[in-house]
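None of the figures in this text is laboratory data; all of them are computed from the coordinates on show. Quantities reported herein were computed from a predicted structural model and do not represent experimental measurements. FYI the Cβ positions are ideal-geometry reconstructions off the backbone, even for glycines, and counts take in every protein chain you see.
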Amino acid sequence: MCELYVLVFSPGDGPHLRAFRAVVQLVVTAMAATRGLDAETVEFGSQVYLAIKGDTQEIAAFAEELNRQTGLGGFTVLLGGRGDVSTLRRLHRRGVVRCAMA
């Protein structure tokens with residue numbers, strides 16, 4: 001199982017960045033829905049992420065499409081245990097595909 005996290009809110013965001021991230025959240029949610037992937041909001045400290053969940057191949061393909069269609073870039077694959085706090089801390093400036101080890 002993999003999870004792709006996209007930052008959608010940070011307390012220091014100005015109005016323009018909040019508006020941009022709201023649009024990103026809508027686009028990412030719509031893209032996930034068309035692929036049949038689950039999307040949910042996840043809070044980590046004062047930041048809010050959109051988590052997309054699926055199997056490894058689905059998430060890798062989704063991240064590639066997201067990079068290509070949105071121009072956001074920076075989505076990478078990172079292996080780590082489920083609930084790995086150090087992994088979540090690295091999400092501050094980029095999306096990360098986090099694959100839980102079975």
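Structural remarks
- Footprinting exposure proxy for ASP55, ASP13 (fewest neighbouring C-beta atoms within 10 Å first): ASP55, ASP13
- Amide H to amide H, with H built 1.01 Å from N, ASP13 comes under 5 Å of no residue 5 or more places away or on another chain.
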